[in-house]
Each structure stands twice: as C-alpha cells, then as structure tokens.
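See structure below.
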Amino acid sequence: MDTNWDGLWLDCRLATLEGDGLGLVEDGALAWRDGVIVYAGPRAGLPARHAARHEDSLAGALVTPGLIDCHSHLVFGGDRAREFEQRLHGASYEEIARSGGGIAASVRATRAADADALFAQSLPRARALLADGVTTLEIKSGYGLDVASELKMLRVARRLAAELGVSVRTTLLAAHALPPEFAGRADAYIDHVCDAILPAAASAGLADAVDAFCERIAFSPAQVRRVFTRARELGLPVKLHADQLSDLGGAALAAEFTALSADHLEWTAADGVAAMAAAGTVAVLLPGAYYALRETRLPPIDGFRKAGVAMAVATDLNPGTSPLLSLRLALGMACTLFGLTPTEALRGATVNAARALGLADRGRLTVGLRADCVAWRVHDAAALCYWIGGSLVRELRIGGRLPAHRAGGD
Ligand code: DI6
Ligand code: FE
C-alpha cells in the first residue's frame, strides 16, 4: 500500500456514520491524501509502514464528518431585529409580512446592497457557521426576486466558497415572495420566474437546485408546480419549503417531483409522510424557525421514523424566522424541542444532510469520500448536542485542507 499521506489523525474516536447509527470506531485513525479519505478505521489496522506529512495525536477526541448545513438563507442585506421586537409585542409573522415587512423588508435591503456590500455582510455569518464545524453549506437566493438581484445573491454565495475554502451549494429560491412590482399579479411573477430568472440562473451555472416557498403568504401548490416543471426541463433538482405554517399538501407535492428534500413540515399529515417515503425525499427539520416563531406544532417525527424517511437538521439561517448562526445549536434544538436522539441529530447534519443536497461524496468518514472532517473538544456525540454555545471545534479540514482565512484581511 502506498502510504504517502497528506494528513493523519491518531488517538481519536471516529463517528463514521456508517450503517444506521454513529458507526463508532474506538481508538481510531483517519488519513487523507489529495483531499480524499484514504484510511478510516481502528489504529490497530493501519498499515505497518505509514507516513504522513502531518500527523496529529488527538487525545481521544471525537472525530466526525464535517457538518453540512443543508438549508440556509445566509446571504441577505440588513437584518430584521425590529421585527423581533414587534413579535415580542404580539405581532405575528404573517401580520408583519402582510404589512410590508418580513421577506419584503429583506428584499429592499438586499436589492439596495451592491455585491461587495452583500458579501461583506454575509462573510461573518459564514465564518460563524464554519467556526462551529460546518464544512458544506447550502445558500439560497430569494431576497432579490429579479434577474439581476437573484444572480447577485448567488454570485456572492459562490464567492464566499472561494474566499473561505468552504463548499457551498447554491439554490435558486426566486419563488420566495411576491416582489412589489408584481403586487396583485402572482401568476405573472411566476411566468417571470419560469421564463427569465430560472433560465438565467441555469445558463450562468449559478444554481445547483431550485426551491420555492409553498404557503398562504407565498405561493400556491399550482404555482410551485409550474416552477418545478420548469426546473425539471432545465435539469435542476428541486426542494421545497413545505407545510411550515399550514398544510397545503407541500410534502406530497415535493415528493411528486422526487424532490431532494421537503423542509419544515410542522403541518405535514400522514399522506405527505407516505409520499416522501415512497419518493426518497429527505425531511429537513428546522428547529430554529420553530423556536424563533414560538411554534407549538411539532413535525411528525415519529411518522418519519416509522416510514423510514431520512431526517436532516439545518439552521434555516435567515433574517426573519431563524437568525441562527450555529448548526450545532440547531442539533441541540432538534433534540430538546423535536425529540430527536443525538445520534439522529448528528446523522441529520452529516449523512442525511448530504442526501438532502444530492451529494454522494461526503457526510461519512469512509475511504474515497472527501476529507471533510472535524475533531471536537469533546469525546461523545451527545455532547455536541448538549453544550449550548461555546467553541467545541478543535481541528477542521475541508477537502483535507485548513479553511482559508484570508478573506476580510485577517
Ligand atoms: N424560510 C423561509 O424562507 C421563510 N421561512 C423560513 O423558514 C421566510 C424567511 C424570512 O422571513 O426572511
Ligand atoms: Fe428557509
């Protein structure tokens, strides 16, 4: 065996995520070369003659795949802290949205910001996720709502990837809200999404997937169906904000288009769960939004378990309903608020999150997959969900490399 490795971690507990659980390997070793894992297993199984340019002994640290945040709206202008105060005084999210605040407020701020300003505002948020163990994240558009502004958002997302050395998957969410210039003409806006925004993003190669917000305050199932049909024509996979505030049959609609994921799902009924199971659509749970909106209706977690629907957990990082800058805290919330086990939560931010993004090359510690890995300051997977806040990352590699820190001048 050729053991000319780039990196080798020794004396660690590997949570490989192989099989149905954590896939734990005690007294493990992890090695990589050219960005790819070349050994993941017991230290005792290492080849007798091995050599690595960098070798670290980790004193029993837990090592997991890099965390994957499969649902974020990290790129946006401004913030909505004022709305937070309004909600604390009793205004509902829907009331604020109907009175011109909500997503529309973020659209105004995002359109007004040029690409550099948008990048500068988004960079610290991406850094915060990375500092907490994220090596791949999805970023949606959806606060531009016209061709130029949507493409601007997607380009900023790609620039974050280039500057920070993190993997970013971009999702076009043009069907997020009705822009003011289309007030009262939702179907005309959907025409514009299908005829102009979607093809522009696809031909620029800026969208890895297409999403929509299916809700009373957003778009109807019929309108979403048109967007998804167009996405399919353009060869782009879909995902859906489904059944967050009401049951419009979003989960079943997502399944009908073999969506990678349906996300939120607090109001999803049994037929939606069954449809997702049949289609292999991942359920993305977003406890940050549930928490921030003080929701009380839980997603059908047990239904997903029984039907064998894979569950992922993400931050939903956005300025309105989930200003959450830690995926690890989302995992804790998934346990405390939704009743996931820590093992389910960790699977939700690794192997199942990779599936929700259609990525087969990451999410487990297995030979041949990307060397995206984190060594933690804890020894136990439950501790990742248990600690609220704090900095638990000891070492992090993305494709075998340290993340870049040159952006922003430090
Ligand atoms: N994701 C979304 O897109 C909406 N809710 C959610 O969980 C709204 C985001 C926003 O208010 O900006
Ligand atoms: Fe969202």
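A few remarks follow.
- Just one residue in the set Gly142, Gly101 is over 23 Å from Leu198 (Cα atoms) and in a loop (DSSP other than H, G, I, E, B); that residue is Gly101.
- In the range 47-85, the residue that is surrounded by the most Cβ atoms within 10 Å (Cβ to Cβ) out of those that are within 16 Å of ligand 1 (Cβ to nearest atom) and outside any loop (DSSP other than H, G, I, E, B) is Asp69.
- Residue match in the range 235-251 (condition: within 17 Å of Met153 (Cβ to Cβ), in the same structural domain as Ala175 (by TED's automatic domain parsing), over 21 Å from the mean Cα position of the chain (by Cα) and of a type in the set (A, V, I, L, M, F, W, C)): no
- Per this entry, Arg111 is counted among residues that are within 16 Å of ligand 1 (Cβ to nearest atom), in a helix (DSSP H, G or I) and in contact with an Asp or Glu (Cβ under 9 Å, 6 or more places away or on another chain).
- Some residue of the range 219-239 being under 22 Å from Ile68 (Cα atoms), free of Cβ contacts under 8 Å to residues at least 40 places away in the same chain and of a type outside the set (A, V, I, L, M): no
- Residue in the range 255-286 that is nearest to ligand 2 (Cβ to nearest atom), counting only those that are part of a helix (DSSP H, G or I) and closer than 27 Å to Arg328 by Cα: Met276
- Residue match in the range 165-176 (condition: modelled with pLDDT of 95 or more and either in a helix (DSSP H, G or I) or among the basic types (Lys, Arg) (or both)): yes
- Members of the range 196-207 found to be surrounded by fewer than 21 Cβ atoms within 10 Å (Cβ to Cβ) and either within 19 Å of Cys70 (Cβ to Cβ) or touching a helix residue (DSSP H, G or I) at 6+ places or on another chain (Cβ under 7 Å) (or both), listed by number: Ala196, Ala200, Ala204, Leu206
For every residue, the table says whether it meets (1) of a type in the set (Ser, Thr, Tyr); (2) away from ligand 1 (no atom under 15 Å from the Cβ); (3) within 19 Å of Asp211 (Cα to Cα).
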position	(1), (2), (3)
Arg232	no, yes, yes
Gly235	no, yes, yes
Leu245	no, no, yes
Ser261	yes, no, yes
Leu265	no, no, yes
Ala277	no, yes, no
Thr281	yes, yes, yes
Lys306	no, yes, no
Met311	no, yes, yes
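- Unmet requirement for Gly41, which otherwise passes all of (1) in a strand (DSSP E or B); (2) assigned by TED's automatic domain parsing to the domain that holds Asp263; (3) small (Gly, Ala, Ser): (2)
The values are calculated or read from the model by the stated rules, or taken from the named source; none is laboratory data. Everything numeric here is computed off the predicted structure, so don't read it as measured data. When we count neighbours, we look across all protein chains shown, and the Cβ atoms used for this are built from the backbone with ideal geometry, even at glycine.
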